[in-house]
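One structure is given here, and the rest of the page talks about it.
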Amino acid sequence: MMPLQLRGKILCVEGDRAVLRSLVFGLETYRFEVVSAVHGGYALDAFHSHDGKFDAVLTDHDMPQVNGLALVNYLRAFHFTGQIWIMSGHLTALDREAYRELAISGFLQKPFDPSLLAELFLSK
């Protein structure tokens with residue numbers, strides 16, 4: 001019997017470890033390879049250690065050290081062209097505009113069902 005093929009590789013960045021575990025579990029259930037990080041600094045390390053080879057990035061906005069906006073700026077500066085989804089319970093209009101200028105894929109209002117992620121990543 002052949003192993004099931006993975007559907008893609010996702011960098012998942014979330015400051016709340018319980019939420020991060022839930023996101024990783026949900027995405028792995030849909031056969032995505034998931035690399036996780038608890039803040040933007042670790043996400044940058046993971047991005048480089050995997051040579052930037054991700055199909056998508058799912059990141060929280062509010063994080064210590066390197067927030068979501070700084071992370072997305074960095075990823076775009078390194079020519080990451082994959083999907084980038086921003087998760088947040090609250091974003092200002094200025095935050096949203098700054099992200100839109102960086103050509104993100106969209107916003108996810110927390111809390112949300114992890115099955116929504118699979119639909120988003122599979123539909124692109």
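Out of the residues in segment 99-123 meeting the condition of being among the polar types (S, T, N, Q) and modelled with pLDDT of 80 or more, tell me which one is nearest to A77 (Cα to Cα). Give the steps one after another, and end with the answer.
To start, the set of residues in segment 99-123 that are among the polar types (S, T, N, Q) comprises 105, 109, 115, 123.
Imposing the further condition that a residue be modelled with pLDDT of 80 or more reduces the set to 105, 109.
Values: S105: 16, Q109: 26 Å.
Only one residue tops the list, namely S105.
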- Return only the number of the condition from (1) touching a strand residue (DSSP E or B) at 6+ places or on another chain (Cβ under 6 Å); (2) polar (S, T, N, Q); (3) free of Cβ contacts under 8 Å to residues at least 12 places away in the same chain that Q83 does not satisfy. (3)
- Looking only at segment 35-67, and only at residues there that are outside any loop (DSSP other than H, G, I, E, B), under 17 Å from R17 (Cβ atoms) and among the β-branched types (V, I, T), the one that is most open to solvent (accessible area, probe 1.4 Å): V35
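Can you name every residue in segment 68-92 that is open to solvent by 60 Å² or more (accessible area, probe 1.4 Å) and at pLDDT 90 or above?
Kept after step one, since they are open to solvent by 60 Å² or more (accessible area, probe 1.4 Å), are these residues of segment 68-92: 73-74, 77-79, 81, 90, 92.
Correct list: N73, Y74, A77, F78, H79, T81, T92.
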- Note on the structure: All-but-one check, S22 against (1) touching a residue at least 60 places away in the same chain (Cβ under 8 Å); (2) loosely packed, with under 14 Cβ neighbours inside 10 Å; (3) among the polar types (S, T, N, Q), failing number (2)
- Query: Limited to segment 10-31, what total is found for residues that are farther than 22 Å from S49 by Cβ and of a type in the set (V, I, T)?
  - Reply: 2
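The values are calculated or read from the model by the stated rules, or taken from the named source; none is laboratory data. All values derive from a computational prediction rather than experimental measurement. With ideal geometry, Cβ positions are generated from the backbone for all residues, glycine too; neighbour counts draw on all protein chains shown. All accessible areas refer to the heavy atoms of the entire protein, side chains included, with ligands and DNA or RNA removed. Shrake-Rupley method; radii C 1.70, N 1.55, O 1.52, S 1.80 Å.
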